[in-house]
Structures are given as structure tokens and as C-alpha cells.
């Protein structure tokens with residue numbers, strides 16, 4: 001079955017709820033943590049399985065049929081939704097989980113799928129427990145592109161939850177706690193550009209302290225929340241009217257997708273540009289030609305220095321920017337021939353040891369906000385560098 005056909009079938013179902021995320025290293029077990037299994041927020045499982053929302057009995061649970069549709073269709077098996085509520089019985093645990101995925105035999109426990117987008121599609125009659133679950137793990141960049149065309153950018157650590165009829169046309173809310181910001185009145189009339197939103201956030205939302213890693217994550221979260229709020233204002237009424245065919249559905253999804261691509265393609269880079277400037281780094285080049293049509297995201301100290309054969313290559317730095325690096329990191333290998341070690345900034349929460357070793361052997365060094373280092377396998381955390389580390393390295397080079 002084609003992925004987009006599977007998604008459309010879910011969109012047509014009145015009783016289908018989707019939970020969409022990227023598999024973290026903690027989910028797949030790649031981080032080496034003790035808590036094994038896919039994380040679901042309590043509020044999501046409370047809605048899907050109302051019968052377990054009880055503290056009168058210890059650890060109430062319910063079973064449901066489940067099928068992994070992709071990558072390799074597995075026969076229907078029983079998983080269990082359980083509320084570990086022994087906090088109310090003299091102990092300490094108070095969390096809801098879905099268990100019995102099948103252990104290491106399950107694709108959800110395959111460490112090589114760390115960073116992959118996954119869709120959990122629950123069939124649920126209103127007010128009752130979900131009774132059937134299908135799981136699709138995206139195994140190609142095409143599938144991930146088709147998914148993000150519908151739901152929007154899916155960054156590690158974030159998730160979407162809600163009715164398939166809303167989530168798959170981009171009006172479902174991202175499941176993420178945080179402040180709800182008001183949008184400027186003019187944005188309700190004309191959709192602002194990505195540059196406008198990033199500039200608005202930088203000028204109006206001040207972050208305590210000057211830690212680049214914290215600043216990057218908080219500014220970007222705020223910017224994306226604003227973008228989604230503007231998008232829903234402009235798109236929601238159209239979506240509510242429904243679609244008569246898959247062609248109509250895809251036409252709207254593609255229209256929304258094109259706007260998102262225009263925004264997301266530059267959003268993270270723009271935030272990094274502002275943070276570099278805030279930290280006194282000036283003159284760097286963005287999207288400048290190195291060789292032929294190659295355009296790395298950032299060249300330091302400048303493209304002029306890069307093209308000056310007399311400028312020492314050891315003082316040049318290239319930074320590529322990818323929200324997720326799984327299967328995408330190879331795209332940067334030939335972007336700057338004079339730079340031996342390619343730095344790659346990513347927000348992905350973890351990679352497998354095999355993936356990391358492939359990157360390392362190819363000369364790629366990961367730059368990851370320090371708040372996300374704990375989601376990587378312990379064996380490689382010391383080889384990651386923070387955004388602050390990278391900025392300090394640039395400053396040190398310029399002072400040599």
C-alpha cells in the first residue's frame with residue numbers, strides 16, 4: 001500500500017485519532033536508558049483509554065489489537081495500555097504506557113529507526129477505549145516529505161495528536177506545552193513571511209540569559225507556535241468544509257505544504273543567523289556558492305576568505321543545518337571542498353551508534369543543543385558539541 005493512500009484512508013475515518021512523532025533514542029533504546037518503549041503523554045493515553053483512568057484499583061489496563069503496517073506488515077497482535085498508578089498504593093509510580101510491542105523484534109525497537117517519523121493510528125468510538133491500532137514507520141525521505149506536506153514540520157521532541165481529519169490537513173495542534181501567543185492583527189489579513197515571523201520573535205520575545213543553546217530552542221518554539229496559529233486562522237475554515245476527493249485533499253495539502261516549505265527551509269537558519277550576530281560573529285556567508293552550484297548554509301569567516309587560496313583552510317568552517325539528520329546528512333558531504341570536517345547542526349534527538357559512526361567516518365561533526373545531548377547514546381555524547389561550543393570555536397579561530 002502506498003503511504004499517501006494509507007494516510008487518506010485515515011483522513012476519511014470519523015473515529016480515527018493520530019499520534020505522530022519522531023522516534024527518539026529513548027524510544028528505540030539507542031540511548032541505553034532503562035525506560036524502554038515508545039513514550040506517549042499521559043493526556044493522550046487518558047483520552048484514548050478512559051477505562052484505565054482509575055485509582056481505585058492498582059495498575060488498571062486494557063488490551064487492543066495492533067498491526068505494524070510498515071516497514072514489514074506484521075500479523076495482528078495484542079498490545080496493552082496500562083496505568084501504573086502505584087503512587088496511590090504506597091509506592092512512587094504514576095504514569096501511563098503502552099506495552100507488549102514485541103521487544104527487540106519490533107521495528108519500534110530497531111535502533112536504526114531512531115529519528116524516523118512514526119504514525120500511530122487509533123480507531124476509537126467516542127467515549128470508549130481505542131480498540132485497534134495501526135503503526136506506520138516512515139522508511140524513506142519521500143514518505144517523510146509526504147507526511148510533512150500534510151501535518152507540517154515534524155521536529156524531534158515534538159508530536160501531533162488529534163482527529164485524523166484535522167491533523168492530516170495541518171490544523172491539529174502540536175502536542176507541546178507552552179505559552180499561547182497572540183498574533184499581530186495584520187497577520188490575520190496577509191500571511192507573513194518566514195523572515196517576518198523570525199524577526200518578530202527576535203524583537204519581542206526576550207529570553208532570560210544569553211545562552212545560545214537555550215535561546216535557539218525557545219525562539220524557534222515560539223516562532224513555530226506563531227506560524228501554526230496564523231496558518232490555522234487562514235486555513236481552518238476551508239478544511240472544515242471537507243474534501244470531495246483525494247485530489248481535492250492533496251491540492252489543499254500541497255498548497256499548505258508549499259507555504260510551510262518556504263518558511264521551514266529558512267527558519268532554523270534565520271534563528272542561527274541572529275544568534276551568531278548576537279554573539280559578535282559578523283561577516284559570515286549564507287547560501288553562497290563554493291564550487292559550482294554548491295551552496296552550504298553557512299561559511300565562516302566568509303565566502304571571500306573561502307575563495308582566497310591564500311587563506312588557511314584550517315581556519316575555515318562550514319555549518320550545515322538540518323532539523324533532522326537521519327538519511328539527510330550525506331547531502332552535505334560535498335558542499336565545501338576546502339573544509340575537511342563538516343559541522344552539522346541538528347535538532348534530532350539521538351542517532352544510533354551505527355549512524356553516528358558513519359557520519360564520523362565521513363568527516364561530519366554534530367552540533368546539537370546541549371539540552372538534547374541526553375537523548376544520544378552515552379558512548380557518543382562526549383563527541384557532540386553544543387551551539388555554544390561551536391560559537392566559541394569560531395571566536396577562537398578569528399583571534400588566532
Could you say which residue among 163, 185 is out of contact with any helix residue (DSSP H, G or I) (no Cβ under 9 Å at 6 or more places or on another chain), modelled with pLDDT of 90 or more and under 20 Å from residue 227 (Cβ atoms)?
185
For the structure I just gave you, tell me whether residue 120 is under 27 Å from residue 162 (Cβ atoms), in contact (Cβ under 8 Å) with a residue 40 or more places away in the chain and in contact with a helix residue (DSSP H, G or I) (Cβ under 7 Å, 6 or more places away or on another chain).
no
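Residues checked against (1) in contact with a strand residue (DSSP E or B) (Cβ under 9 Å, 6 or more places away or on another chain); (2) at pLDDT 95 or above; (3) closer than 22 Å to residue 212 by Cα; (4) outside the structural domain of residue 363 (by TED's automatic domain parsing):
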{"residue": "280", "(1), (2), (3), (4)": "no, no, yes, yes"}
{"residue": "294", "(1), (2), (3), (4)": "no, no, no, no"}
{"residue": "297", "(1), (2), (3), (4)": "yes, yes, yes, no"}
{"residue": "301", "(1), (2), (3), (4)": "yes, yes, yes, no"}
{"residue": "307", "(1), (2), (3), (4)": "no, yes, no, no"}
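Kindly evaluate residue 58 against the criterion of being in the same structural domain as residue 136 (by TED's automatic domain parsing), farther than 30 Å from residue 351 by Cα, surrounded by fewer than 17 Cβ atoms within 10 Å (Cβ to Cβ) and in contact with a helix residue (DSSP H, G or I) (Cβ under 6 Å, 6 or more places away or on another chain). Give the derivation first.
Working: in the same structural domain as residue 136 (by TED's automatic domain parsing): yes; farther than 30 Å from residue 351 by Cα: yes; surrounded by fewer than 17 Cβ atoms within 10 Å (Cβ to Cβ): yes; in contact with a helix residue (DSSP H, G or I) (Cβ under 6 Å, 6 or more places away or on another chain): yes.
Taking the combined requirement at face value, the residue satisfies it.
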Which one of the conditions (1) crowded, with 17+ Cβ neighbours inside 10 Å; (2) under 18 Å from residue 161 (Cβ atoms) does residue 125 fail to meet, given that it meets all the rest?
(1)
When only residues in region 129-141 that are part of a loop (DSSP other than H, G, I, E, B) and in contact with a helix residue (DSSP H, G or I) (Cβ under 7 Å, 6 or more places away or on another chain) count, which is surrounded by the most Cβ atoms within 10 Å (Cβ to Cβ)?
138
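Which is surrounded by fewer than 16 Cβ atoms within 10 Å (Cβ to Cβ), under 26 Å from the mean Cα position of the chain (by Cα), touching a residue at least 12 places away in the same chain (Cβ under 8 Å) and in a loop (DSSP other than H, G, I, E, B), of 32, 37?
Working: 37 fails: surrounded by fewer than 16 Cβ atoms within 10 Å (Cβ to Cβ).
Sole residue among the options that is surrounded by fewer than 16 Cβ atoms within 10 Å (Cβ to Cβ), under 26 Å from the mean Cα position of the chain (by Cα), touching a residue at least 12 places away in the same chain (Cβ under 8 Å) and in a loop (DSSP other than H, G, I, E, B): 32.
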Those residues that are over 22 Å from the mean Cα position of the chain (by Cα) and in a loop (DSSP other than H, G, I, E, B), I need them from region 338-369; list them, please.
338, 339, 340, 341, 362, 363
Would you point out the residue of region 94-107, among those that are touching a strand residue (DSSP E or B) at 6+ places or on another chain (Cβ under 7 Å) and outside any loop (DSSP other than H, G, I, E, B), that is surrounded by the fewest Cβ atoms within 10 Å (Cβ to Cβ)?
99
Enumeration of residues in region 277-293 that are closer than 16 Å to residue 322 by Cα and surrounded by 13 or more Cβ atoms within 10 Å (Cβ to Cβ):
286
Looking only at region 107-139, count how many residues are modelled with pLDDT of 95 or more and more than 13 Å from residue 20 (Cβ to Cβ).
8
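Could you list, in sequence order, the residues of region 315-329 that are out of contact with any strand residue (DSSP E or B) (no Cβ under 8 Å at 6 or more places or on another chain) and modelled with pLDDT of 95 or more? Working first, answer last.
The first filter runs over region 315-329 and keeps only residues out of contact with any strand residue (DSSP E or B) (no Cβ under 8 Å at 6 or more places or on another chain), leaving 315, 326-327.
Of everything in region 315-329, just one residue is out of contact with any strand residue (DSSP E or B) (no Cβ under 8 Å at 6 or more places or on another chain) and modelled with pLDDT of 95 or more, namely 315.
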Could you tell me whether residue 229 is in a helix (DSSP H, G or I), more than 14 Å from residue 271 (Cβ to Cβ) and modelled with pLDDT under 85?
yes
Given (1) in a strand (DSSP E or B); (2) surrounded by 13 or more Cβ atoms within 10 Å (Cβ to Cβ); (3) out of contact with any helix residue (DSSP H, G or I) (no Cβ under 8 Å at 6 or more places or on another chain), residue 69 misses just (3)
Consider residue 372 carefully, then state whether it is under 22 Å from residue 267 (Cα atoms) and in a strand (DSSP E or B).
no
Have a look at 352, 396, 379 and point out the one that is out of contact with any strand residue (DSSP E or B) (no Cβ under 9 Å at 6 or more places or on another chain), crowded, with 22+ Cβ neighbours inside 10 Å and on the phi < 0 side of the Ramachandran plot.
352
Tell me which residues, restricted to region 318-337, are part of a loop (DSSP other than H, G, I, E, B) and crowded, with 17+ Cβ neighbours inside 10 Å.
323, 324, 325, 326, 328, 335, 336
Looking only at region 355-375, which residues are more than 14 Å from residue 329 (Cα to Cα), in contact with a helix residue (DSSP H, G or I) (Cβ under 6 Å, 6 or more places away or on another chain) and crowded, with 21+ Cβ neighbours inside 10 Å?
369, 375
Does region 47-62 contain at least one residue that is assigned to a strand (DSSP E or B) and on the phi < 0 side of the Ramachandran plot?
yes
Could you figure out which of (1) modelled with pLDDT under 95; (2) under 21 Å from residue 159 (Cα atoms); (3) assigned to a strand (DSSP E or B) isn't true of residue 19?
(1)
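The values are calculated or read from the model by the stated rules, or taken from the named source; none is laboratory data. Every value quoted in this text rests on a predicted model; they were computed, and no experiment measured them. Note that each Cβ is placed from the backbone with ideal geometry, even for glycine, and that neighbours are counted across all protein chains shown.
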